[in-house]
Each structure stands twice: as C-alpha cells, then as structure tokens.
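J.: Quick one: this structure, given as structure tokens, is what I'll be asking you about.
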Amino acid sequence: GILKFSKKDVMQSILNKFCINIYGNNMIKKTMILQMFGGVQSTEGSRTERGQLNVLFIGDPSTGKSRMAKTVLEYMPKSKYASGKGASGAGLTATVVKDDFIGGWALEAGAMILANGSLVVLDEFDKLSDEDKTKLHEIMSEQTLTIDKANIHTTLRAETGLLCCANPKESRFDDFS
C-alpha cells in the first residue's frame with residue numbers, strides 16, 4: 001500500500017480531484033492545494049517563522065476564482081468564508097460587545113480567530129475598505145491579534161492562512177497601462 005502510493009504523483013492525483021467543475025487553471029489550483037497543506041513553522045531562538053501562507057488571486061470577473069476558492073472550504077476543517085462586500089474588520093478579526101447576560105463586556109471572535117490553524121477565504125478583497133484591510137495586517141504578519149478595548153486586554157492566536165480573490169481595478173485588466 002505505502003510503496004504503491006509513494007510511486008504515484010501525489011500532486012497530480014489531488015489536482016485531478018480538486019475543483020473538477022472548472023477546466024484548466026492548473027497553476028492556480030496547485031497554489032490553492034499547496035496553501036491547504038501550508039508551510040513549516042520553525043522556531044529559531046526566540047523568533048518563530050510563520051507556517052501559514054497568504055495568497056491573493058487577481059483576475060477578470062467570471063473566471064472561476066471564487067468557485068475555486070470556495071472548493072478549499074470543502075477540504076479544510078475550521079475554514080471560514082467572508083466576502084469583501086459584507087465583511088467588516090470586526091467580523092474578520094474580533095470585536096468587543098456589551099453583554100447584558102454577564103453584565104459587562106465580552107469578546108466576539110471573527111473569522112480569522114475562529115479559523116485558527118486553518119484558512120479564511122476572503123472573496124472580493126478589492127471591495128474591502130482600506131481600514132478593514134489594515135486590521136488584517138497584524139494577523140497576516142505576526143499571527144496574533146491584540147485587543148485593547150473596554151477593559152479587555154489580550155492577545156489572541158491567529159495562525160490562519162488567508163486566501164483572497166479580487167478583481168483588477170476598473171473590474172478588468174488594461175492591456176495598455
């Protein structure tokens with residue numbers, strides 16, 4: 001069993017079964033597959049190198065970017081989906097809300113925190129506001145989220161890869177610019 005499997009082209013076997021409803025785009029599909037497996041997290045002294053990969057796909061509308069990205073959700077446990085049109089920085093990261101039940105403030109985790117150890121697919125990244133994109137910076141670089149609001153002071157782990165899909169400016173590539 002193992003010897004027979006070791007002689008196979010594993011990437012090709014996975015590629016043949018990944019997002020079969022979209023023809024071609026094998027390089028994009030391979031990139032998504034490799035992102036699902038992630039990199040190797042390494043620690044050198046007190047410094048830790050991240051293991052998760054962040055990927056941004058930019059392409060014309062109706063080319064299958066979103067469909068391929070949503071296929072990732074079928075294979076990745078704990079993965080989350082968000083769309084740039086309806087997503088907010090708080091929904092992607094975390095927010096502090098007034099909780100009447102406990103009589104104080106509570107922390108509500110967003111998609112990047114809930115998907116710790118997995119991936120977040122962020123569709124329509126180009127429609128996300130610049131302020132909300134800025135809120136993702138700490139998570140993408142440090143893999144943590146620091147909260148300092150309403151007497152809640154904490155740092156949350158967010159070892160989450162981000163797979164973003166976006167359309168080019170003006171919704172199509174300009175061959176003459």
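The values are calculated or read from the model by the stated rules, or taken from the named source; none is laboratory data. As the structure is a prediction and not an experimental result, all values here were calculated from the model. Cβ placement follows ideal geometry from the backbone for every residue including glycine, while neighbour counts extend to all protein chains displayed. Please note that ligands, DNA and RNA were not included when accessible areas were found on the heavy atoms of the full protein model with its side chains. Shrake-Rupley method; radii C 1.70, N 1.55, O 1.52, S 1.80 Å.
J.: Of the conditions (1) under 21 Å from PHE18 (Cβ atoms); (2) under 17 Å from the mean Cα position of the chain (by Cα); (3) free of Cβ contacts under 8 Å to residues at least 24 places away in the same chain, SER62 fails just one. Which one is it?
T.: (2)
J.: Follow-up. Run down ALA109, ALA94, ALA90, ALA115 and say which single residue is open to solvent by less than 40 Å² (accessible area, probe 1.4 Å), out of contact with any helix residue (DSSP H, G or I) (no Cβ under 9 Å at 6 or more places or on another chain) and more than 22 Å from ASN167 (Cα to Cα).
T.: ALA115
J.: Which of the helices (runs of 4 or more DSSP H) found entirely inside the stretch 1-81 contain at least 2 residues meeting this: over 21 Å from ILE113 (Cβ atoms) and modelled with pLDDT of 85 or more?
T.: So the answer is 10-17, 26-37, 65-75.
J.: Assuming GLU131 fulfils every condition listed in (1) in contact (Cβ under 8 Å) with a residue 24 or more places away in the chain; (2) open to solvent by less than 80 Å² (accessible area, probe 1.4 Å) apart from one, which condition is it?
T.: Unmet condition: (2).
J.: Hey, can you tell me all the residues within the stretch 54-87 that are closer than 12 Å to ASP123 by Cβ, open to solvent by 70 Å² or more (accessible area, probe 1.4 Å) and out of contact with any Lys or Arg (no Cβ under 8 Å at 6 or more places or on another chain)?
T.: Across the stretch 54-87, the qualifying residues are LEU56, ARG67, LYS70, LYS80, GLY86.
J.: Let me ask something else. Looking only at the stretch 101-111, decide whether some residue is in contact (Cβ under 8 Å) with a residue 60 or more places away in the chain and within 16 Å of ASN54 (Cα to Cα).
T.: Among the residues of the stretch 101-111, not one is in contact (Cβ under 8 Å) with a residue 60 or more places away in the chain and within 16 Å of ASN54 (Cα to Cα), which makes the answer no.
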